[in-house]
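Participant: The structure's right below; bear with me while I get my questions together.
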Amino acid sequence: MAVSWDLLINAVLSGLLLGGFYAAVAVGVTIAFGMLDIVNIAHPAFIVLGAFIAYWLNSSYGIDPLLASLLAAPFAFLGGRALYRLYYYAFERRGEESLQGLAFFFGILFIVEVSLLLHFGVDYRTVEAAYIGPSVDLPFSLSVPLRLLTPLLVGLAMVLAIQIFLSRTFIGRAILAVSQDPGALRMVGGNPVKVKEIAFGIAIATAIIAGALLIIIQPVEPSVGREFIGRVFAICVLGGMTSLAGTVLAAMILGVAESITTTFWGPSWAPAVAFSILLITLAVRPSGILGR
Amino acid sequence: MIIEATGVTKKFGGFTALNAINFTLGARERVGLIGPNGSGKSTFVNCLTGVLPASEGMVRFDGQDITQLAAWKRARLGLSRSFQIPRPFRGMTVRQNIEIPLTFIVGRSDRARIEAEADAILAQVGLSARARARPRSLSQVELRKLELGRALAAKPRVLIADEAMAGLSDPEVDEILDLLMRLNSEGIAILLIEHIMRAVIRFSERIVVLVAGAKIADGPPADVMAHPEVVRAYLGE
Amino acid sequence: MSVVAKTAKDEVARSATRGGWLGPLLAASIGAALIAATFLVLDWLGTDYAYLAAYTVLQFVVLATAWNILGGYAGYVNFGSAGFFAIGVYTSVVVYQTIQLPILATIPLAAATAGLVGFATGYLTLRLRGVFFSIATLALAIVLQTLIVNWDWVGGARGVYVLRPQTVPVFGSYARYLFAVMLGLAILSVLIARLVENSWLGQGLAAIRDDEVAAECSGVPSLWLKLMATTLSGALMGAAGAPFPYFITYVDPNTAFSLSIAVNTIAMPLIGGTTTWAGPVIGALLIGSLQQYATVTISSAANLLIVGVLLVVFVIIAPNGIIGLITSIRERRQ
């Protein structure tokens, strides 16, 4: 098949835009799983939950979806903290990574998805905002839809904010410390459980915000979360587990790969891309691109 | 020489945990391995037993190159170990713990033989009365005996005892030490990693000292204990 | 209990464990009696629906038992059971659309295909930490669904119709026949699970579950044992899927890869108890029957929600399931 350069460039561009969004989607997994070893496979469910919260506030009260997610974020943070508390007392305290702990998060994933299904039904939902619809024209006759550009900018801004938080604030640095050596933190009087709790709360909050970004990009129905399971873990692993820069890089790579696949082979093959990347990374270089 | 390690290096990212370690162990020898916390002793044991792959270097067991061999294959060759913090199979009884290596190394389906051998090992380590207990109800010294018993069940030619006496009272330390001496007299080479100095000195024919990932001494106890670097780095604490 | 009765009970227990003939004979007789009774009850209920409901429950017995061989015995969680089930379903569809074999011949084919995929997935991911295997299985189910959706020959997203054969061997109605087939599969899977559990394979898997590194250092070839369990588990799940097209008559990706399969296959062993073969059976019979009842009284989505909640609740307060609760009550009494 002759490669149309226009098509390819557009695909790459879309992929990069998507990548910024994917980075926002995966950063929570990088924090919870990559840094702190909490296997929260329910993360995608919280993204979809965030999308529906944005939808609800947008359709019932006319609130801008981005604003809606910012309003919801503090609640998500508290909810995340509570969830981790439960997980810690029920499982982590009892010992190593267990079957029951994984099943717990799977149960949560399932409960969130089915609850959304029961409440909202199977229809696709969208939001309305000023930046959904118009596009920005760039040189070389490229056109960037604002509904893709906005999530990119907001997503990257969120990741940047978290990076600053992790490296500049006391709690942020405590989180990094716990990720490397929980025992050492205890020695300087810190409480690793509290630190992990806060980190997990942040991770869930990022998921809720990412959900708003998702519904800006595309219509959402309750089971779309499943497509993201492969994506978030593929990005986390490819990015080296603990590195935020790695997450962004991996997200871009995944975005471009998916976009090219969609453009040349059709959208129904896109979910397979993430899984393939995950498998290949695990088989060839499990420490990821920027991993330790 | 039943174990020959040459140039064994282990790096974790930018951190070098072991730096070109050369080490030998004779077929019936009793060697002690000492060094400050974090000097790389357990990492070295992990590289010898195959739990961690060495970054560089070679390990030979009875002349055979085992550097790329999986841990279970090394165990089958006769290289056995106990763990610093006991790692019993918590869902099984003491007897069942010991039957695992017997099943996989000695004879898979021969139940009668496995049970007889398990009885013998339980007697050898002094746990016959506790055969049906679960690890959670064992005392510290009993847990350590279970560790050694399980290592023994692999019919080893080399037994690496990683801090088998940590946290035990004086009489308990002597109990374990006597057990190890008995095992050695039955033909098992023993590498003893320990912090309890009197035990190491009493037990070892030769002592190896590891500090910050490098070997700084290797010789008879009297020589090693008088070595100025050893005194400074380790015994001075 | 009288002295005579107690002695008889001990004698049976002793011969059952030591490989004597009395125990297995008794078990087989009780089993045969139960089977006959089941047929009688279902016939008395009169409708095909009773048989089909029972089919679904037995299907879960197979799936839960299969899952537990890897999940409960070895501690490796397979989140993609729906994928393996669907492999069996679509193998059956392919056979239906090509060489038209009877179900009993299709089952081994489905089992082999699913087993192969299980082996491949395991080979790629079991060398890593358990969580990566679990994540891979989760993603695998989604990828398989993507592949099927794109494969028009087996119906793609539109689905495909499957006609039940006109003649039914022995059993009268086709519903009865399907039930009998699934009953056979259920008994077979439980026997296999028991066999594994009491063999060196089961002991090795238990050691891996408790402490994989210590197991390796004790001579347990963990990768090979895990691969065996993964392959066997996948194969049984695929076998369970083989009769499904004839059961449901209209196969589309959403039904084959259903949410119900996904959550139930994990919830049933965890609720019933994961350390022994009886746990998944209890979980499947209880939860499966509960679901059959609930589906007619409340919506099927709410029904699934209940299972999800039960899963989370049990996993928190009764991590060893119903069997674990029974065991700890017994231990406390002693």
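The values are calculated or read from the model by the stated rules, or taken from the named source; none is laboratory data. What you see is a predicted model, and the numbers here were worked out from it, not measured in a lab. Virtual Cβ from ideal backbone geometry, glycine too; neighbours counted across all protein chains shown.
Participant: Are any of the residues in region A:33-40 more than 14 Å from every other protein chain (Cβ to nearest Cβ) and either over 19 Å from the mean Cα position of the chain (by Cα) or at pLDDT 90 or above (or both)?
Facilitator: no
Participant: Can you find a residue that is in a helix (DSSP H, G or I) and facing chain A (nearest Cβ under 10 Å) anywhere in region C:238-258?
Facilitator: If we filter region C:238-258 for residues that are in a helix (DSSP H, G or I), which is where we start, we get C:238-241, C:244-248, C:253-256.
In the following step, the residues that additionally are facing chain A (nearest Cβ under 10 Å) were identified as C:254.
The answer is yes, given that some residue of region C:238-258 is in a helix (DSSP H, G or I) and facing chain A (nearest Cβ under 10 Å).
Participant: Evaluate the following for C:Ala302: is it among the hydrophobic types (A, V, I, L, M, F, W, C), without any contact (Cβ under 8 Å) to a residue 40 or more places away in the chain, touching a Leu at 6+ places or on another chain (Cβ under 7 Å) and within 14 Å of chain A (Cβ to nearest Cβ)?
Facilitator: Values: among the hydrophobic types (A, V, I, L, M, F, W, C): yes; without any contact (Cβ under 8 Å) to a residue 40 or more places away in the chain: yes; touching a Leu at 6+ places or on another chain (Cβ under 7 Å): yes; within 14 Å of chain A (Cβ to nearest Cβ): yes.
Taking the combined requirement at face value, the residue satisfies it.
Participant: Just to verify a result, which residue in region C:215-232, among those that are within 14 Å of another protein chain (Cβ to nearest Cβ) and among the polar types (S, T, N, Q), is nearest to C:Leu191 (Cα to Cα)? Spell out the reasoning first.
Facilitator: Of the residues in region C:215-232, the ones within 14 Å of another protein chain (Cβ to nearest Cβ) are C:215-229.
After this cut, where a residue has to be among the polar types (S, T, N, Q) as well, the list is C:218, C:222.
Values: C:Ser218: 28, C:Ser222: 23 Å.
Ranking the candidates gives C:Ser222 first.
Participant: To continue, here is another question. Can you find, within region C:217-234, the residue that is farthest from C:Arg127 (Cα to Cα) among those that are in a helix (DSSP H, G or I) and hydrophobic (A, V, I, L, M, F, W, C)?
Facilitator: Residue satisfying both the conditions and the ranking: C:Leu232.
Participant: For region C:222-253, name all the residues that are surrounded by fewer than 20 Cβ atoms within 10 Å (Cβ to Cβ) and more than 20 Å from the chain's Cα centre (by Cα).
Facilitator: C:Leu223, C:Trp224, C:Thr249, C:Tyr250, C:Asp252
Participant: How many residues are charged (D, E, K, R) and within 14 Å of chain C (Cβ to nearest Cβ) if we restrict to region A:186-229?
Facilitator: Initial filter on region A:186-229 (charged (D, E, K, R)): A:186, A:194, A:196-197, A:221, A:226-227.
The next check asks that each one be within 14 Å of chain C (Cβ to nearest Cβ); those that pass are A:221, A:226-227.
Summing the residues that are charged (D, E, K, R) and within 14 Å of chain C (Cβ to nearest Cβ) in region A:186-229 gives 3.
Participant: I'd like the residue in region C:124-183 that is of a type in the set (Ser, Thr, Tyr) and more than 14 Å from chain A (Cβ to nearest Cβ) and, out of all such residues, is nearest to C:Asp252 (Cα to Cα). Walk me through it before giving the result.
Facilitator: Here is the first cut: in region C:124-183, the residues of a type in the set (Ser, Thr, Tyr) are C:125, C:134, C:137, C:146, C:161, C:167, C:173-174, C:177.
Still in the running and more than 14 Å from chain A (Cβ to nearest Cβ): C:161, C:167, C:173-174, C:177.
Numbers: C:Tyr161: 9, C:Thr167: 25, C:Ser173: 25, C:Tyr174: 21, C:Tyr177: 23 Å.
Ranking the candidates gives C:Tyr161 first.
Participant: Which residues, counting only those in region C:311-322, are part of a helix (DSSP H, G or I) and either in contact with a Cys (Cβ under 6 Å, 6 or more places away or on another chain) or crowded, with 20+ Cβ neighbours inside 10 Å (or both)? Show your work before the answer.
Facilitator: In the first step, residues of region C:311-322 are kept if they are part of a helix (DSSP H, G or I); the result is C:311-317, C:321-322.
Correct list: C:Leu311, C:Val312, C:Phe314, C:Val315, C:Gly321.
Participant: Would you say B:Asp62 is surrounded by fewer than 19 Cβ atoms within 10 Å (Cβ to Cβ) and under 18 Å from B:Ile190 (Cα atoms)?
Facilitator: Numbers: surrounded by fewer than 19 Cβ atoms within 10 Å (Cβ to Cβ): yes; under 18 Å from B:Ile190 (Cα atoms): yes.
Answer is yes for this residue.
Participant: Among (1) hydroxyl-bearing (Ser, Thr, Tyr); (2) within 14 Å of chain C (Cβ to nearest Cβ); (3) free of Cβ contacts under 8 Å to residues at least 24 places away in the same chain, which single condition is A:Ser143 missing?
Facilitator: The number of the failed condition is (2).
Participant: Looking only at region C:28-48, which residues are without any contact (Cβ under 8 Å) to a residue 24 or more places away in the chain and either closer than 19 Å to C:Tyr246 by Cβ or outside any helix (DSSP H, G or I) (or both)?
Facilitator: C:Gly46, C:Thr47
Participant: Scanning for something buried (at least 17 other Cβ atoms within 10 Å of the Cβ) and closer than 18 Å to C:Ala141 by Cβ, does region C:274-296 turn up at least one residue?
Facilitator: No - not one qualifying residue is present in region C:274-296.
Participant: Identify all residues within region A:84-115 that are surrounded by 12 or more Cβ atoms within 10 Å (Cβ to Cβ) and more than 10 Å from chain C (Cβ to nearest Cβ); write none if there are none.
Facilitator: Those that are surrounded by 12 or more Cβ atoms within 10 Å (Cβ to Cβ) and more than 10 Å from chain C (Cβ to nearest Cβ): A:Tyr84, A:Arg85, A:Tyr88, A:Glu92.
Participant: May I pose another question? Got a sec? Which of B:Ile201, B:Ile207 is under 27 Å from B:Arg232 (Cβ atoms), assigned to a helix (DSSP H, G or I) and β-branched (Val, Ile, Thr)?
Facilitator: Values: B:Ile207 fails: assigned to a helix (DSSP H, G or I).
Only one candidate qualifies: B:Ile201.
Participant: Step by step: first the residues of region A:116-136, then only those that are surrounded by fewer than 16 Cβ atoms within 10 Å (Cβ to Cβ) and in contact with a strand residue (DSSP E or B) (Cβ under 6 Å, 6 or more places away or on another chain), then the one that is farthest from the other protein chains (Cβ to nearest Cβ). Which residue is that?
Facilitator: Here the answer is A:Val136.
Participant: OK, next. Condition (residue is in contact (Cβ under 8 Å) with a residue 24 or more places away in the chain, assigned to a loop (DSSP other than H, G, I, E, B), buried (at least 23 other Cβ atoms within 10 Å of the Cβ) and more than 17 Å from the chain's Cα centre (by Cα)) applied to region A:229-246: is it met by at least one residue?
Facilitator: No, there is no match, as no residue in region A:229-246 is in contact (Cβ under 8 Å) with a residue 24 or more places away in the chain, assigned to a loop (DSSP other than H, G, I, E, B), buried (at least 23 other Cβ atoms within 10 Å of the Cβ) and more than 17 Å from the chain's Cα centre (by Cα).
Participant: A further question on this structure: Of the residues A:Ile63, A:Ile41, A:Ile53, A:Ile47, which single one is farther than 20 Å from C:Val313 by Cβ, outside any helix (DSSP H, G or I) and of a type in the set (A, V, I, L, M, F, W, C)? Give the derivation first.
Facilitator: Working: A:Ile41 fails: farther than 20 Å from C:Val313 by Cβ; A:Ile53 fails: outside any helix (DSSP H, G or I); A:Ile47 fails: outside any helix (DSSP H, G or I).
Of A:Ile63, A:Ile41, A:Ile53, A:Ile47, the one residue that is farther than 20 Å from C:Val313 by Cβ, outside any helix (DSSP H, G or I) and of a type in the set (A, V, I, L, M, F, W, C) is A:Ile63.
Participant: Follow-up question, since we're still on this one. Would you mind stating whether C:Gly88 is more than 14 Å from chain A (Cβ to nearest Cβ), more than 22 Å from C:Trp277 (Cα to Cα), surrounded by 22 or more Cβ atoms within 10 Å (Cβ to Cβ) and in contact (Cβ under 8 Å) with a residue 24 or more places away in the chain? It would help to see each step written out before you state the result.
Facilitator: Values: more than 14 Å from chain A (Cβ to nearest Cβ): yes; more than 22 Å from C:Trp277 (Cα to Cα): yes; surrounded by 22 or more Cβ atoms within 10 Å (Cβ to Cβ): yes; in contact (Cβ under 8 Å) with a residue 24 or more places away in the chain: yes.
Here the answer is yes, as C:Gly88 does meet what is asked.
Participant: Shifting gears a bit: Six or more apart or on different chains, Cβ atoms under 9 Å: show the pairs whose first residue is in region C:266-283 and closer than 13 Å to C:Val190 by Cα and whose second is of a type in the set (Asp, Glu).
Facilitator: That search, which allows pairs on different chains as well, returns C:Thr276/C:Glu197; C:Trp277/C:Glu197.
Participant: Pairs please, first residue from region C:319-332 and under 18 Å from A:Gly101 (Cα atoms), second anywhere and loosely packed, with under 14 Cβ neighbours inside 10 Å and of a type in the set (A, V, I, L, M, F, W, C), Cβ atoms under 6 Å, 6+ apart in sequence or on different chains.
Facilitator: From residues that are under 18 Å from A:Gly101 (Cα atoms), there are no pairs.
Participant: Exactly one condition in (1) within 14 Å of chain C (Cβ to nearest Cβ); (2) at pLDDT below 90; (3) surrounded by 24 or more Cβ atoms within 10 Å (Cβ to Cβ) is not met by A:Thr262; state its number.
Facilitator: Condition not satisfied by A:Thr262: (3).
Participant: In addition: Does A:Tyr22 satisfy the condition of being under 21 Å from A:Thr150 (Cα atoms) and of a type in the set (Phe, Trp, Tyr)? Don't jump to the end; show me each part of the working.
Facilitator: Numbers: under 21 Å from A:Thr150 (Cα atoms): yes; of a type in the set (Phe, Trp, Tyr): yes.
When the stated conditions are applied, A:Tyr22 passes them.
Participant: Continuing with the same structure: Restricting attention to region C:114-134, report how many residues are touching a residue at least 24 places away in the same chain (Cβ under 8 Å), farther than 16 Å from C:Met237 by Cβ and part of a helix (DSSP H, G or I).
Facilitator: Result for region C:114-134: 2.
Participant: Read through the list (1) within 18 Å of A:Ser259 (Cα to Cα); (2) touching a Ser or Thr at 6+ places or on another chain (Cβ under 9 Å); (3) surrounded by fewer than 24 Cβ atoms within 10 Å (Cβ to Cβ), then give the number of the only condition that A:Ile9 fails.
Facilitator: (2)
Participant: Being away from chain A (no Cβ under 14 Å), under 28 Å from B:Gly91 (Cα atoms), part of a helix (DSSP H, G or I) and out of contact with any Ser or Thr (no Cβ under 8 Å at 6 or more places or on another chain): is that true of C:Ser328 here?
Facilitator: Working: away from chain A (no Cβ under 14 Å): yes; under 28 Å from B:Gly91 (Cα atoms): yes; part of a helix (DSSP H, G or I): yes; out of contact with any Ser or Thr (no Cβ under 8 Å at 6 or more places or on another chain): yes.
For C:Ser328, the condition - away from chain A (no Cβ under 14 Å), under 28 Å from B:Gly91 (Cα atoms), part of a helix (DSSP H, G or I) and out of contact with any Ser or Thr (no Cβ under 8 Å at 6 or more places or on another chain) - is met.
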